[in-house]
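Enquirer: Mind having a look at this structure? Questions to follow.
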């Protein structure tokens, strides 16, 4: 279904929000991105007209309009209500379901002159570049904006803010400005293929050389310097909390606390006091005042894992805390202001969780300003050698011993396994094998039975495919160096080239010319194994 098709169920709206998020995150050209944003806002709300307005250097301009009734960019059309504009320019979201009976606007001349029926306008939460606003209205009786329309447009505005942040950070900020240094200098260790050894000692990092991870890390790099909320989706063990820590560590909030909590691990009777705090005597066992996670993370980042497991009633309180930027401890009549960036995660399908009532749609809009989907390890097998080497090196540092190597047979088994537990399972497997190994190399026999055997039912790979996966993974893990890949799998360069030819591995994987560590590309004498 197209993003602009009809339909207004929660699941359809959610699917469209996700589509908008992906399009805006991937769009490098700002103009079509903003046009797409406006088309989506109009289509999803049923508005008659929509405008994207910029305010910079004391002037208000129209940058996108649906339908294209005015030239853009250009002056603000005279058909817009100046009284509504005045409120939204002051930072106040405006929702008027029936503006003719709304005490704020019913006496305004512009409202009567334009014949407006329903108006919805929200600011975009930008931190760089021009201030921006979404303005929607309707003059026909069939369209009256509702509360859920406002929540949806706020979610779209957050996506638009990311596109504007991108443009500001890459094109408008001088290279020597302090904010430019925050935007462009960090996250070197998030670049695909970056060696874990070059990461700062005190900063978390992720290893990712696959195309799928490259896309995730590119969006993470761009969103890190903003204050937008992020929802991280992925199977258990894919590294959702680690990605959240990386985003925090490379954000302006890095000096402040990073507080993480798994919503599924807290008993339902305690989760409210864990999040918002409690005063002494509020419940049995409350022998002292507690600040709660929001106040503990004040000024920094609060990471809420498995947010869909939170009881529905608590989701309402969480939504209010995020919207109002204040919390009231259990048993207290006093509210406390908090300044917290929300990063959330779930291993569930968001659309299914909303359809089943486990996750509130309005809460999803608030926490999914940007959505990052971490691919499972089976979809990025080329990263297995680098990940395994990292776990082995870390284990050796803890033990104070020399790092072990993986035999070609062991690496082949690791590359062919489907890893239902993802990176966490790989980490445990490598550490177990390192503990059981008797020499300086991990052999196939050191691996667990489930890894030595066939892959899970229905997904077993032929031996040749697994070997090709191993070779490509080793080449990519060695950043294209055939000599480095050959050392990884324990073969000579000549043998590696012969297997590349036999298995159809493209020569481009190993072509580094004079930069190859052993002095260029050797000739391939024949196709013998």
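Each row is one residue, and each column tells you yes or no for (1) in contact (Cβ under 8 Å) with a residue 12 or more places away in the chain; (2) surrounded by 23 or more Cβ atoms within 10 Å (Cβ to Cβ); (3) in contact with a strand residue (DSSP E or B) (Cβ under 9 Å, 6 or more places away or on another chain).
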| position | (1), (2), (3) |
| --- | --- |
| 250 | yes, yes, no |
| 272 | yes, no, yes |
| 313 | no, no, no |
| 327 | yes, yes, yes |
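Enquirer: Restrict the check to the range 190-202 and report whether at least one residue is within 15 Å of the chain's Cα centre (by Cα) and at pLDDT below 85.
Expert: Within the range 190-202, the first condition is being within 15 Å of the chain's Cα centre (by Cα), and the residues that meet it are 190.
Now narrow it down to the ones that are at pLDDT below 85: 190.
Yes: one or more hits.
Yes/no matrix, rows are residues, columns are (1) within 28 Å of residue 155 (Cα to Cα); (2) modelled with pLDDT under 90; (3) in contact with a helix residue (DSSP H, G or I) (Cβ under 8 Å, 6 or more places away or on another chain):
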residue	(1), (2), (3)
217	yes, yes, yes
222	yes, yes, yes
225	yes, yes, yes
235	yes, no, yes
247	yes, no, yes
257	yes, no, yes
264	yes, yes, yes
272	yes, yes, yes
281	no, yes, no
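Enquirer: Moving to a separate point now. It is to be established whether one or more residues within the range 472-479 are more than 12 Å from residue 384 (Cα to Cα), surrounded by fewer than 18 Cβ atoms within 10 Å (Cβ to Cβ) and at pLDDT 80 or above.
Expert: Among the residues of the range 472-479, not one is more than 12 Å from residue 384 (Cα to Cα), surrounded by fewer than 18 Cβ atoms within 10 Å (Cβ to Cβ) and at pLDDT 80 or above, which makes the answer no.
Enquirer: If only one of 53, 34, 24, 60 is closer than 27 Å to residue 80 by Cα, over 24 Å from the mean Cα position of the chain (by Cα), crowded, with 19+ Cβ neighbours inside 10 Å and modelled with pLDDT of 65 or more, which one is it?
Expert: On the way: 34 fails: over 24 Å from the mean Cα position of the chain (by Cα); 24 fails: over 24 Å from the mean Cα position of the chain (by Cα); 60 fails: crowded, with 19+ Cβ neighbours inside 10 Å.
Within the list 53, 34, 24, 60, the selection yields 53.
Enquirer: Consider residue 293 against the criteria (1) in contact with a helix residue (DSSP H, G or I) (Cβ under 7 Å, 6 or more places away or on another chain); (2) in contact (Cβ under 8 Å) with a residue 40 or more places away in the chain: it satisfies all of them except one. Which criterion is unmet?
Expert: All conditions pass for residue 293, except number (2).
Enquirer: Then there is this: Would you confirm whether or not the range 449-465 contains a residue that is more than 17 Å from residue 420 (Cβ to Cβ) and modelled with pLDDT of 80 or more?
Expert: The first filter runs over the range 449-465 and keeps only residues more than 17 Å from residue 420 (Cβ to Cβ), leaving 462-465.
If we keep only those that are modelled with pLDDT of 80 or more too, we end up with none.
Checked against the condition, which is being more than 17 Å from residue 420 (Cβ to Cβ) and modelled with pLDDT of 80 or more, the range 449-465 yields no hits at all.
Enquirer: Helices (runs of 4 or more DSSP H) wholly in the range 379-450 with at least 1 residues that are farther than 21 Å from residue 471 by Cα and in contact with a helix residue (DSSP H, G or I) (Cβ under 9 Å, 6 or more places away or on another chain) - which ones?
Expert: Numbers: elements: 384-399, 408-416, 422-436.
In the range 379-450, 384-399, 422-436 are the helices (runs of 4 or more DSSP H) which contain 1 or more residues that are farther than 21 Å from residue 471 by Cα and in contact with a helix residue (DSSP H, G or I) (Cβ under 9 Å, 6 or more places away or on another chain).
Per-residue answers, yes or no, for (1) in contact (Cβ under 8 Å) with a residue 60 or more places away in the chain; (2) part of a helix (DSSP H, G or I); (3) assigned by TED's automatic domain parsing to the domain that holds residue 332; (4) over 27 Å from residue 390 (Cα atoms):
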| position | (1), (2), (3), (4) |
| --- | --- |
| 204 | no, no, yes, no |
| 217 | no, yes, yes, no |
| 220 | yes, yes, yes, no |
| 241 | yes, yes, yes, no |
| 260 | no, no, yes, no |
| 275 | no, yes, yes, yes |
| 280 | no, no, yes, yes |
| 287 | no, no, yes, yes |
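The values are calculated or read from the model by the stated rules, or taken from the named source; none is laboratory data. Quick caveat, the model's predicted, so the values are computed rather than measured. Heads up, the Cβs are rebuilt from the backbone with ideal geometry, glycines too, and the neighbour counts pull from every protein chain shown.
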